[in-house]
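Asker: One structure, as structure tokens, below. Some questions next.
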Amino acid sequence: MKLDLYARTSTKDQNVDLQMDLLREYCKRNDFEIASETYDQESGTIELKDRKKFQDLLNHPKGDALLIFKLDRITRNFDSLTLIEKHFRDNWDNYKLICTDMPIDLKTAVGRLMFRNLMVINCFEPEQMKERQKPAIERAKKEGKFKGRPKGLKNKINRSKENV
């Protein structure tokens with residue numbers, strides 16, 4: 001079986017080398033051939049429709065399956081959860097999703113239930129973190145300790161992502 005390897009980090013400051021090494025090891029250990037390697041350096045909270053490299057991989061697969069290290073490497077966005085499940089469920093006979101740390105089977109009701117539950121937890125995590133941070137940020141603002149992101153930084157971040 002030929003696999004498309006996919007790794008994702010949330011920022012440009014992180015690197016995907018460890019994930020890719022583990023994916024390559026998994027292929028070697030299981031006698032899978034590597035068809036392609038793709039990586040993103042974008043937050044998992046960004047909707048999948050806005051992640052060009054991932055969309056290209058889904059629309060033009062080179063292998064028989066997509067191999068990921070962990071489920072949260074695909075997405076941490078609730079709106080994308082249904083999209084990704086539907087894509088793989090509809091294409092399961094031709095293009096499967098394989099995760100190194102757990103079995104995935106989107107052809108069965110139990111498999112879809114397990115996938116959905118695990119993905120919901122992955123999407124819940126960053127939302128909960130933001131909720132926990134919000135009161136502390138508000139307090140820091142009142143005390144003059146938090147000034148927010150420097151003006152123009154958001155645009156610089158977005159422009160740097162376009163160059164990835």
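Asker: What label, among [x] 10.7; [y] 13.5; [z] 8.6, belongs to mean projected area of the Cα convex hull in nm² computed from the structure on display?
Answerer: Read-out taken from this structure: [x].
Asker: Quickly estimate the mean residue ellipticity at 222 nm for the chain, helices only: each DSSP H run with n ≥ 4 gives -39500 (n - 2.57), and the total goes over all residues, rounded to 500.
Answerer: That calculation yields -16000 deg cm²/dmol at 222 nm.
Asker: Tell me, in nm to one decimal, what length is gained between residue 17 and residue 138 on full extension, where the rule is 0.36 nm per residue of separation less the Cα-Cα distance?
Answerer: 39.9 nm
Asker: Could you tell me how many degrees, from 0 to 90 and to the nearest 10, lie between the Cα long axis of helix 17-29 and the main elongation axis, the longest principal axis, of the Cα atoms of the chain?
Answerer: 10 degrees
Asker: While we're here: Can you list residues whose amide H is under 5 Å from residue 35's amide H, if they're 5+ apart or on another chain and H is modeled 1.01 Å from N?
Answerer: 3, 4, 5
Asker: If the only charges are +1 at each Lys and Arg Cβ and -1 at each Asp and Glu Cβ, what is the size of the charge dipole of the chain around the Cα centre, to the nearest 20 debye?
Answerer: 1080 debye
Read the figures in this text as sums done on the coordinates, not as results from a lab. Since this is a predicted model, take the numbers as computed values, not measurements. Every residue, glycine among them, receives a Cβ derived from its backbone with ideal geometry; neighbour counts consider all protein chains shown.
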